[in-house]
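Quick notes on the structure that follows.
The values are calculated or read from the model by the stated rules, or taken from the named source; none is laboratory data. None of the values given here were measured: they were computed from a predicted structure. FYI the Cβ positions are ideal-geometry reconstructions off the backbone, even for glycines, and counts take in every protein chain you see. SASA here: full protein model, heavy atoms, side chains in, ligands and nucleic acids out. Shrake-Rupley method; radii C 1.70, N 1.55, O 1.52, S 1.80 Å.
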Amino acid sequence: SGLSDAGAASCAATCVTQCHDEPGAVGFYTAGKEYDAVGLVGSPPVSGVSGPLIHCPGLLCGDDVDTTGGVCLIERGDHTFLVKVQSCEDRGGVAAVIFNNVLDEITPSLYGETIISSIFITKENGLLLLENATGSTASISLEQGEEVCTTGCSDLLPCPGERAFCNFDFETHGTCEECIDYGSEAANDCFFQGIPLRGAQECASICGSRLTFPECKFCPTDLSNAQLGSGLQEGEDVCEFCPGGLQKEYENQEVSMFGEGVDCFLVDEFYHNYQISKSEPNCKLAQTVNYLCGCEGIGYGGANTKSKQAALAWLPRATAILSFVCSAFIIVDVMREKKRRQKLFGQLMVGLSIFDLIGSASYALTSLPLPREDYIFGSLGNEASCTAQGFFIQVGSRNG
């Protein structure tokens, strides 16, 4: 085909369809407690195995550690997962537990064969086990998962099928993925999968994904590919969704403006991955809603502290109550005298005041009827209560 040796090797690597068993459900118990865990891709299943939990220092099980009959606890880092598990296996271990050394989530894979089973846990749980559970009996079960096959792809080797795209996970090549049809609710799905920019752009082109938010009435125009990474000028500042860093407790918090199922972690990854200019309107827009994720920013309505948010909720409430009282006084003042009731001026004042009562009462509720999931200070309502408040505010304002 006229390819160079390197090109031919890359092509050969991407042409192969590879299949592996996805890990099934995991059970991991030690020190009287169950811990969340995932099986390493390629790990053999096991119906149940147990042994004392033995820590292997130095990121590997060395000759200085006797793991015979034990469950090895190994920290991620320096060596591949396969080497770590084999070091446990070679020294008599019956299973391996590898814990993360960072907070980021990954899909751990062996890329090789082992006899013993292996699972993966978070950094937080790993440090907890190191401190409290070494020496305790650990029990592990790992069910057989489904077989998953992937097809390689590159610029020269497009994915087969009209609704398949290359994710370019390895810069010059990647694996094929199918378009997911969620309807209009996930029109931006390509951009919130965490795949590299080239993969996201090919996904958007083939699957018809876009960066518009139909439910957001104040959002700027659609982001173009030129604004994602390639449009960043030299020396231009990059947009940071969460300037102080995203805290783990907010990672799963949904940001409904970006579509159903899009959480803080995905939005933060989007801005990390795609290098959007800080001067773009979409950057400023994102930073106005980053309070949902506990991030530093301008906050909604300029209220970036709890005290300002409280003031934003209570000041309109105070003025609305004052307006309500004054309108009620006008109605009472006109209605208690026959002469005033009979005059057109008095009738007009009563009519205007009634509409003002409706509007003022609605304004006085301020943030209470807003949807609870918007995390506005004092919000306790839902979509229906928010719509009702808006309707009565418009009735009071337009007629008053």
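Quick look at the numbers
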read-out	value
For segment 334-400: rounded, prolate or oblate by the Cα gyration tensor [a/c cutoff 1.5]	prolate
DSSP-defined beta bridges in segment 71-191 - what % are antiparallel, rounded to 5	40
Simple spin-label estimate for ARG163 and LYS339 in nanometres, 7 Å along Cα-Cβ	7.9
Förster radius 60 Å - calculated FRET efficiency between LEU128 and LEU352 (Cβ-Cβ, nearest 0.05)	0.35
Spin-label model distance (nm) - GLU113 vs LYS278, 7 Å beyond Cα toward Cβ	5.4
Phi to ³J(HN,Hα) by Karplus 6.51 cos²θ - 1.76 cosθ + 1.60 over segment 109-125, Hz, x for Gly, Pro	10, 7, 6, x, 9, 9, 8, 7, 7, 9, 10, 10, 10, 6, 4, 4, 5
Gyration tensor (alpha-carbon) shape descriptor, segment 53-182, a/c threshold 1.5	prolate
Sulfur and carbon atoms: percent of accessible area, segment 310-391 [1.4 Å]	73
Sparse-neighbourhood loop sites, GluC sites (Glu not before Pro) in segment 145-179 - DSSP loop, at most 16 other Cβ within 10 angstrom	GLU146, GLU162, GLU171
Restraint check, LYS123/LYS306; LYS84/LYS123; LYS33/LYS123, Cα-Cα greater than 25 Å	LYS123/LYS306
From phi via Karplus (6.51, -1.76, 1.60), per-residue ³J(HN,Hα) for segment 190-207 in Hz, x at Gly/Pro	4, 8, 10, 9, x, 7, x, 4, 4, x, 5, 5, 5, 4, 5, 5, 7, 8
Sites ASP63 and LYS33 - FRET efficiency at Förster radius 41 Å, r taken between beta-carbons, to 0.05	0.85
Cross-link reach list, lysines versus LYS308, counting only Cα pairs under 30 Å and skipping chain neighbours closer than eight places	LYS217, LYS248, LYS278, LYS284
Under-5 Å amide H pairs with CYS159, H placed in peptide plane, nonlocal only	CYS166
